[in-house]
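The values are calculated or read from the model by the stated rules, or taken from the named source; none is laboratory data. Remember, predicted model here, so these are calculated numbers, not experimental data. Note that each Cβ is placed from the backbone with ideal geometry, even for glycine, and that neighbours are counted across all protein chains shown.
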Amino acid sequence: MALTIDHLAAHQNLLVIQSFEDASGSRMEAGETARIRRMDVDYRTMVSSIELEQGEAIRTIVLHKFGSGADGPRSGNLREFFEVLNVDVRPDDLDCGDRIAPISEVAPEPLQESDPDWYHKARALDLEDRLPEMEELVKKAVPSLHSAIAIAGLYRNRWIRLRQAGEMEKASEAHQEAVDHAYDYASYATSGGEGAALSLARDEFLKTL
């Protein structure tokens, strides 16, 4: 199943109904049309992106973070910016990269220089099995409901690493923690619309476990 955010999913043709600037500063004007090629969520940063096709051109828009208060498109308000015209599935379409690789093919996510400092520290605490400190660090660094899904992502990475190392008991514990924190994330919703959005994000995350 492909990632869905609000009413948007891969292979839809869209009409922009309200001009906007995305989180990266890229602008789209009312009246533009595009086709969604794929949608992605980075569960470390909770940044969502939509890859669009406009004729021969390919562009990516970056959604503002949920709850950021930004004026542009974000999970929960996409209907204000996009109208779905139709679904346009083509023979050469991939299934949006939805195949989940066997655990033997998956490597723990490498640290990037662009990752925030708190994420580097959290990964170090994970390696030292200092998990309560890891969780507390994330909650302080991400003082919002999004800390839960960030913690879930750290436990997912721990699960992969430990399972590949043959530490199956610890890996099982990490897997359960990832699931529990993902469900906690969705439970923090304070409205029906927010609940639907967070539940979708939770379900997409769970598909990677």
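A compact table of results
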quantity	calculated
Count of region 60-78 residues which are loosely packed, with under 14 Cβ neighbours inside 10 Å and at negative phi	2
Some residue of region 8-17 being in a loop (DSSP other than H, G, I, E, B) and touching a helix residue (DSSP H, G or I) at 6+ places or on another chain (Cβ under 9 Å)	yes
Every residue from region 15-35 that is buried (at least 17 other Cβ atoms within 10 Å of the Cβ), within 23 Å of E194 (Cα to Cα) and out of contact with any His (no Cβ under 6 Å at 6 or more places or on another chain)	V16, F20, D22
Boolean, M39 is modelled with pLDDT under 95 and at positive phi	no
The one condition in (1) at pLDDT 90 or above; (2) part of a helix (DSSP H, G or I); (3) over 18 Å from T45 (Cα atoms) that G193 fails to fulfil	(1)
Hey, A165 among the small types (G, A, S) and either closer than 21 Å to D184 by Cβ or in contact (Cβ under 8 Å) with a residue 12 or more places away in the chain (or both) or not	no
